[in-house]
Amino acid sequence: MLDKLIGNSDAKAHLRHLMKEGRVPQSLLLAGPEGVGKKHFAIEIARARLCAEQNGEACGVCAPCERVGKFDLPTGDNADTFERVIFSEHPDVGMVIPFRRNIRINAIRDLEREANFNPFEGSGRFFVIDEAEKLNDAAANALLKTLEEPAPTTNIILVTSRPDSLLPTIRSRCQMLRFARVPNEDIEKFLVNKKEYTPDRARIAAGLSRGSVGRALSIDIEASQEQRRIMYEVLEAAAVRRDLAGVLRLSDTLSDAKHKDQFESNLEMLESLIHDIWITAASGDRRRISNIDMEDEILRITSFVTPAELAKWLEAIDDLRRSLGVNINRRMATDAMFAKFAAGGSAL
Ligand SMILES: [Zn+2]
């Protein structure tokens, strides 16, 4: 069943080994970027133990395997529904998820209670805490007690994209398993083979995914077209015409209220286009372009910028993304970055 999950072959091999030996730690921390399948891995760990076949890995088709992954998770505004462990159709597999920005302390108290019970059906109980970085100090301290003395049949799996935000005392009580971004080629294949994407759409979505299967699946390619078009215009004004005024006009439209929500995705699209131009300029291989519906446009820009300059543009986007966490003046930062693009040469 681990085969169904794409990428992260090191983490997979490690888990397989632990499952086979029956040595999966009782407290695990699955850490890595968003959308790479960490929660699916957590479910697979539970499935492997509760599977009726007991061959190390889960068979995926027996009744326990089926039920382990079926959750009816709450959505919406009723905080009360987030104050408890939410069980799957299997009574030994539960999950705690945050309500807005926090995991409710009552959900952790409920987990503490549940963690004391013997399994109802299988040979172990599994509790997944999703977005564990959203444990505030009170909830984390409540969890700590459970992590210190779990019942011998209880397993707790924390899932997070920000392990550094967890209390060190929590981290030190869990064995950490690190996950990485999934390579674009793997995402592309997955979209074509499992999700019935056409090869073109799969290529574009993978190019915009930043290594996250979740993000690739959530991209609306048709709706992204206009945004990618505007990003292309920015690059054309900067690289071909070296037109500072034009670039700043476009920067204005990006930072205005109407486009505020799209800022992050605009950056991703800009990055994906620059990456395409860079890879084509550096390798001369147009088959490696992800935005294949814009192949002609990308090739047009290629002759106006050097790979070295493009690499600096990609770095500048990374810097901008990092500074957004602390620097609230997004518009000035964006203007400054685009102005450097347009100035060319050694400006960066
Ligand atoms: Zn099974």
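Quick one: in segment 11-22, of everything that is in contact (Cβ under 8 Å) with a residue 24 or more places away in the chain and open to solvent by 60 Å² or more (accessible area, probe 1.4 Å), which residue is farthest from ARG49 (Cα to Cα)?
HIS14
Which of (1) open to solvent by 30 Å² or more (accessible area, probe 1.4 Å); (2) touching a residue at least 24 places away in the same chain (Cβ under 8 Å) is the odd one out, the single condition GLY344 does not satisfy?
(1)
How do the pairs read when you match residues in segment 210-239 that are of a type in the set (Ser, Thr, Tyr) with residues anywhere that are at pLDDT below 90, using Cβ under 6 Å and keeping only pairs 6 or more apart or on different chains?
If the second residue must be at pLDDT below 90, the pairs left are SER212/GLU34; SER212/GLY35.
Within segment 57-77, work out how many residues are open to solvent by 50 Å² or more (accessible area, probe 1.4 Å), within 11 Å of the ligand (Cβ to nearest atom) and part of a loop (DSSP other than H, G, I, E, B).
1
Give segment 188-204 a look and list any residue that's open to solvent by less than 60 Å² (accessible area, probe 1.4 Å) and not in a helix (DSSP H, G or I), or say none.
Correct list: TYR197 only.
Just to be sure I understand, how many residues within segment 28-56 are more than 9 Å from the ligand (Cβ to nearest atom), open to solvent by 30 Å² or more (accessible area, probe 1.4 Å) and not in a loop (DSSP other than H, G, I, E, B)?
Going through segment 28-56 one residue at a time, the tally reaches 3.
Take the residues in segment 90-105 that are out of contact with any Lys or Arg (no Cβ under 8 Å at 6 or more places or on another chain) and farther than 26 Å from ALA151 by Cα, then tell me which one is nearest to the ligand (Cβ to nearest atom).
PHE99
When the residues of segment 98-137 are filtered to those that are of a type in the set (D, E, K, R) and in contact with a strand residue (DSSP E or B) (Cβ under 6 Å, 6 or more places away or on another chain), which remaining residue is farthest from SER165 (Cα to Cα)?
Selected residue: ARG125.
Tell me, which residue of segment 1-10 that is assigned to a helix (DSSP H, G or I) and either closer than 23 Å to ALA132 by Cα or of a type outside the set (D, E, K, R) (or both) is most open to solvent (accessible area, probe 1.4 Å)?
Within segment 1-10, the match that is most open to solvent (accessible area, probe 1.4 Å) is ASP10.
Test of understanding: among ASP293, ASP318, which residue is touching a residue at least 40 places away in the same chain (Cβ under 8 Å), part of a helix (DSSP H, G or I) and open to solvent by 20 Å² or more (accessible area, probe 1.4 Å)?
Result: ASP293 is the single residue among ASP293, ASP318 that is touching a residue at least 40 places away in the same chain (Cβ under 8 Å), part of a helix (DSSP H, G or I) and open to solvent by 20 Å² or more (accessible area, probe 1.4 Å).
Considering every residue within segment 81-89, establish whether at least one is farther than 22 Å from LEU167 by Cβ and either surrounded by 20 or more Cβ atoms within 10 Å (Cβ to Cβ) or within 13 Å of the ligand (Cβ to nearest atom) (or both).
yes
Please verify whether segment 179-192 includes one or more residues that are modelled with pLDDT of 90 or more and in contact with a strand residue (DSSP E or B) (Cβ under 9 Å, 6 or more places away or on another chain).
There is at least one residue in segment 179-192 that is modelled with pLDDT of 90 or more and in contact with a strand residue (DSSP E or B) (Cβ under 9 Å, 6 or more places away or on another chain).
If you check every pair at least six apart or on different chains, which have Cβ atoms under 6 Å apart with a residue in segment 79-96 that is outside any strand (DSSP E or B) first and a residue that is open to solvent by less than 10 Å² (accessible area, probe 1.4 Å) and aliphatic (A, V, I, L, M) second?
GLU83/ALA107; ARG84/ALA107; VAL85/VAL96; VAL85/LEU111; HIS90/VAL68
The values are calculated or read from the model by the stated rules, or taken from the named source; none is laboratory data. Keep in mind it's a predicted model, so treat the numbers as computed, not measured. Quick reminder, even Gly has a Cβ in these numbers, built from the backbone with ideal geometry, and neighbours come from all protein chains shown. Heads up: the accessible areas ignore ligands, DNA and RNA and are worked out on the full protein's heavy atoms, side chains in. Shrake-Rupley method; radii C 1.70, N 1.55, O 1.52, S 1.80 Å.
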